[in-house]
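What follows is calculated from the coordinates using simple rules that are stated; it is not laboratory data. Here the structure is a predicted model, which is why all the values come from computation and not from measurement. Glycine also receives a Cβ, built like all others from the backbone with ideal geometry; neighbour counts cover every protein chain displayed.
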Amino acid sequence: MNNLLLEVENGIALLTINRPKALNALNSETLAELNACLAELENNEAVKVVILTGSGAKSFVAGADISEMVNATPAEGRKMGLLAREAFGRLENMPQVTIAAVNGFALGGGCEISMACDIRVASENAKFGQPECGLGILPGFGGTQRLARLVGKGRAKELIFTCDMISAEEAYRIGLANHVVPQEELIGYCKAMAGRIMKNGPFAVTLAKQAINTGMDTDLDSGLKLEANLFGLSFSTADKKEGMTAFLEKRKEKHFIG
Ligand code: HXC
């Protein structure tokens, strides 16, 4: 991989977008590598949590690569959008939990890729924004859809129409970032959160992710029916027996198999 770094350790995959000279902007090659890498990770049962970050101390991802897009035709733009849709869809729906460790600029496609992750943790210097309208395009990697779902229609419209860049604190205030931590603690903080997630039944976490994702895109009654079905499914697992038996035996350590 030319533009990605991957480290897998103790159930955590740390995936770094590595184009620091372009502030980790996403070109087609990076999107294709990301898609291929996530396709492998989603089938890797040893990986329980994926942490996505950017290389360097300045930028998470400064957006799609403007130098590639400037001369792109509508067909090429659409192709890029579809590639991102596939890669970001994997992040959103893969069985593992995904955490965006937002270590700096998360602009345009950078903000959008962070929103395809389950959880966003921002460093204090992080900046979020959707500057696309200022480039004469609109957010094309899911921004008009995921931002509105995360922070509400009114705030999403304001951010997209004004192209304002907001601080990590403001992102936290409006629910775009789950936490804000000092830059040097960012990856450690995300790994500690991954550790807390991995103590729980992995299959149960995957089913809960599926229930939330699918439920948010449907009406309440259908979402509640889906939840009841997945809840029932969780009763068929060895993990349910283990988790409940551990409680009744007042045992702290649990042996989930997932
Ligand atoms: C290509 C980029 C880039 C980008 C930065 N660079 N962002 N190259 N695509 N999105 C490059 C710069 O050209 C420069 O290269 C180097 O990274 C450092 O950037 P500077 O601008 O010199 O840094 P600074 O002054 O600190 O400003 C940082 C910044 C600014 C505020 C993040 O770079 C910026 O505004 N970038 C563009 C952000 C943006 O508009 N993103 C949305 C893209 S559209 P050189 O070679 O000069 O050193 C998008 C659409 C998604 O994401 C949907 C598409 C279908």
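Go through Lys153/Lys225; Lys199/Lys241; Lys209/Lys240; Lys209/Lys254; Lys209/Lys250; Lys209/Lys241 and tell me which ones have a Cα-Cα distance over 23 Å in this structure.
In this structure, Lys153/Lys225; Lys209/Lys250 lie more than 23 Å apart at Cα.
Starting at 0 and stepping by 10 Å, how many percent of the alpha carbon pairs of the stretch 198-242 end up in each bin?
29, 49, 20, 2
When the Karplus curve 6.51 cos²θ - 1.76 cosθ + 1.60 is applied with θ = phi - 60°, which whole-Hz ³J(HN,Hα) does each residue of the stretch 74-87 get, with x for Gly and Pro?
x, 5, 5, x, 5, 4, 5, x, 5, 5, 5, 4, 5, 5
Over all directions, the average projected area of the alpha-carbon convex hull for the stretch 1-132 comes to how many nm²? Let's see the in-between values first.
Values: hull surface 29.5 nm².
So the mean shadow area of the Cα hull is 7.4 nm².
Show the residues, 5+ positions off or on another chain, whose built amide H is closer than 5 Å to the amide H of Lys127.
Sorted by chain and number, the residues that satisfy this are Gly104, Phe105, Ala106.
Sort out for me the Cα centre separation of the stretch 189-258 from the stretch 140-171, rounded to whole Å.
Taking the Cα centre of each part, the stretch 189-258 and the stretch 140-171 sit 30 Å apart.
Give me a comma-separated list of calculated 3J(HN,Hα) values for the stretch 35-41, in order, Karplus coefficients 6.51, -1.76, 1.60 applied at θ = phi - 60°, integers in Hz, x for any Gly or Pro.
Using θ = phi - 60°, the values come out as 4, 5, 5, 5, 4, 6, 4 Hz.
What is the P(r) of the stretch 62-132, as percent of Cα-Cα pairs per 10 Å bin from 0?
Reading the bins upward from 0: 20, 45, 29, 6.
Put a dot 7 Å past each Cα toward the Cβ at Glu124 and Thr214; how far apart are the dots in nm?
4.3 nm
How would you order 206-214, 120-128 from highest to lowest mean count of nearby Cβ atoms within 10 Å? Show your work: numbers first, answer last.
Numbers: 206-214: 16.2, 120-128: 24.3.
Ranking the peptides 206-214, 120-128 by packing returns 120-128, 206-214.
Report relative contact order for the stretch 127-258 in percent, whole number only (criteria: Cα-Cα under 8 Å, sequence separation at least 6).
18 percent.
Which of Met80, Met244 has the fewest other C-beta atoms within 10 Å, and how do the rest follow up to the most?
Exposure proxy ranking, most exposed first: Met244, Met80.
Applying the Karplus parametrisation 6.51 cos²θ - 1.76 cosθ + 1.60 with θ = phi - 60° to the phi angles of the stretch 231-247, what ³J(HN,Hα) value in whole Hz is obtained for each residue in order, glycine and proline being reported as x?
For the stretch 231-247, the Karplus-derived couplings read 4, x, 4, 5, 6, 8, 9, 5, 5, 5, 4, 5, x, 6, 5, 4, 4 Hz, x marking Gly and Pro.
Please say if the stretch 116-258 is rounded, prolate or oblate, where rounded means a/c under 1.5 for a ≥ b ≥ c the square roots of the C-alpha gyration tensor eigenvalues, and otherwise the choice is prolate for a/b larger than b/c and oblate otherwise?
In terms of gyration-tensor shape, oblate.
Once the stretch 1-56 is represented by equal point scatterers at the alpha-carbon sites, with solvent omitted, what log10 I(q)/I(0) does the Debye formula produce at q = 0.12, 0.17, 0.22, 0.23 Å⁻¹?
-0.26, -0.51, -0.81, -0.87
How much mean residue ellipticity at 222 nm does the chain get from its helices, if each DSSP H run of length 4 or more adds -39500 (n - 2.57) and you divide by all residues, to the nearest 500 deg cm²/dmol?
That calculation yields -15000 deg cm²/dmol at 222 nm.
Let me have the relative contact order for the chain, percent, based on Cα pairs under 8 Å that are six or more residues apart.
The normalised contact order for the chain reaches 15 percent.
For the pair Arg196/Leu135, report the inter-label distance in nm, with labels modelled 7 Å from Cα in the Cβ direction.
With each label placed 7 Å out from Cα toward Cβ, I get 3.5 nm.
5 Å is the cut-off here: which amide hydrogens, built 1.01 Å from N in the peptide plane, fall below it relative to Ala64, excluding neighbours closer than 5 in sequence?
Leu26, Gly109, Gly110
Can you give the Rg/Rh ratio of the chain, where Rg is from the C-alpha atoms and Rh is the Kirkwood radius?
Checking Rg against Rh, the ratio lands at 0.99.
Between Ile113, Met244, Ile257, whose Cα lies farthest towards the positive end of the dipole of the chain when Lys and Arg beta carbons carry +1 and Asp and Glu beta carbons carry -1, centred on the Cα centre?
Most positive-ward Cα: Met244.
Need the C-alpha centroid separation for the stretch 93-131 versus the stretch 44-83, integer Å.
11 Å
How much space per residue, in cubic angstrom, does the convex hull of the C-alpha atoms of the stretch 159-203 take up?
On the way: hull volume 4.8 nm³, N = 45.
That works out to 106 Å³ per residue.
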